[in-house]
Amino acid sequence: MNDSAFVIPAPPQASLPVVGEGKSFPVRRIWCVGRNYVEHIREMGNDERDPPFFFAKHADMLEHDGATIPYPPLTKDLHHEVELIVAMKSGGLNIPTDKALDHVYGYAVGIDLTRRDLQLAARKKERPWEIGKSFDHSAPCSALQPAAKIGHPSKGKIWLSVNGTERQKGDLSELIWSVPEIIWKLSQQVEIGAGDIIMTGTPAGVAALQPGDRIECGVDGVGTLKVSIGEPA
Ligand code: MN
């Protein structure tokens, strides 16, 4: 549809650059997995045996490599959560695990930025997590690597440092629910579509960020991402 079809200008299409391509990957939905590494579940005091669950961020909350992210409103406890990101080129409902990787376009590294104080307060009141998880600039993400080039990583170091000091470290082999299992579970809940990306959970070591912090993170074999935290908008 052209612009004249809308009563106001249509919002821009959120997207991620693709390594080695002149084209970008259009992002439709951002799904996130809660509690997918045992050490992080332990540091948050949660039940290790729970099945995975999902929450969402909006596509226009993406930030690209190199961004300076304004310290968000309402919080005094902004946390980093480095995560492997899976980008879907197709989807469906009830995708079996042995077909799940056929739907994956590629992989990236991202940060599930979290207003931890607000998330925990919402959890305590049995309210939804949006106020803690879903806010402007809350989903910085690297360029995508096509699976056609790098394959489907199931092991490799995942790490994050702040101002040169390592804070988070894990290995993709420690994911409680693997990428095919995540796709299988999520596709029972919603119809996964082309352009959906999934943040697959964070290893231990989550901690607070301050204005002026420089964050660098990566997943071996996938890529790296650098962002900074700026002053409040
Ligand atoms: Mn997370």
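Nothing in this text is a laboratory measurement; each read-out follows from the coordinates by a stated rule. Values in this document were obtained by computation on a predicted structure and should not be read as measured data. For neighbour counting, all protein chains shown are included, and Cβ atoms are generated from backbone atoms with ideal geometry for every residue, glycine included.
Given the -39500 (n - 2.57) contribution per DSSP H run of 4+ residues, what per-residue ellipticity at 222 nm results for the chain, rounded to the nearest 500 deg cm²/dmol? Before the final figure, lay out the partial values.
Details: 6 runs with 39 residues, N = 233.
Per the formula, -4000 deg cm²/dmol.
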Q) Among all the lysines, which ones have a C-alpha under 19 Å from LYS155's C-alpha, if same-chain residues fewer than 8 places away are not counted? A) LYS169
(Q) Rounded to whole Å, give me the distance from the Cα center of region 193-226 to that of region 137-159. (A) 10 Å
Q. What ranking of VAL206, VAL33, VAL222 emerges when the number of other C-beta atoms within 10 Å of each C-beta is taken as an exposure proxy, fewest first?
A. VAL206, VAL222, VAL33
Q) If each residue's Cβ is checked for other Cβ atoms within 10 Å, how do SER161, SER138, SER154 rank with the fewest at the top? A) SER154, SER161, SER138
Q: Over every pair of different alpha-carbon atoms in the chain, take the mean of 1/r and invert it; report that Kirkwood radius in Å.
A: 17.9 Å
Q. For THR224 and PHE54 in the same chain, what is the full-extension length gain: residue separation times 0.36 nm, less their Cα-Cα distance, in nm?
A. 58.8 nm
Q: Give the residues of region 168-187 whose amide nitrogen is closer than 16 Å to a point set 7 Å from the Cα of LYS155 in the direction of its Cβ.
A: 170-176, 178-179
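Could you tell me the relative contact order of the chain? Use alpha-carbon pairs under 8 Å, at least six residues apart, and round to a whole percent.
On the way: 572 pairs, mean separation 72.0, N = 233.
Averaging sequence separation for qualifying contacts and normalising by length gives 31 percent for the chain.
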Q | Set of aspartates and glutamates near LYS149 by C-alpha distance (under 12 Å), chain-local residues within fewer than 8 positions excluded | A | GLU21
**Q.** Added length on full extension, which subtracts the Cα-Cα distance from 0.36 nm per residue, LYS76 to ASN94
**A.** 2.5 nm
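How do 62-72, 85-95 rank on mean C-beta neighbours within 10 Å, highest first? Let's see the in-between values first.
Values: 62-72: 16.5, 85-95: 19.0.
Per-residue Cβ counts within 10 Å, averaged per peptide and sorted highest first, yield 85-95, 62-72.
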Q | Proxy reagent accessibility, fewest Cβ within 10 Å first, across LYS155, LYS57 | A | LYS155, LYS57
Q. How large is ³J(HN,Hα) for each residue in region 139-154, as worked out from phi by the Karplus curve 6.51 cos²θ - 1.76 cosθ + 1.60 (θ = phi - 60°), to whole Hz, x for Gly and Pro?
A. 9, x, 8, 6, 5, 7, 9, x, 4, 4, 9, 10, x, 10, x, 10
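Taking K and R as +1 and D and E as -1, what net charge do the other residues with C-beta under 15 Å from the C-beta of GLU174 add up to?
Values: positive: ARG35, ARG42, LYS155, LYS157, LYS169; negative: GLU39, GLU43, GLU48, GLU81, GLU83, ASP171, GLU181, ASP220.
Summing Lys/Arg as +1 and Asp/Glu as -1 gives -3.
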Q) What list of ³J(HN,Hα) values in whole Hz, one per residue of region 183-188 in order, does the Karplus curve 6.51 cos²θ - 1.76 cosθ + 1.60 (θ = phi - 60°) give from phi, with Gly and Pro shown as x? A) 4, 4, 5, 4, 6, 7
Q: Enumerate the calculated ³J(HN,Hα) couplings along region 132-137 in order (Karplus 6.51 cos²θ - 1.76 cosθ + 1.60, θ = phi - 60°), each rounded to whole Hz, writing x wherever the residue is Gly or Pro.
A: x, 10, 10, 8, 4, 6
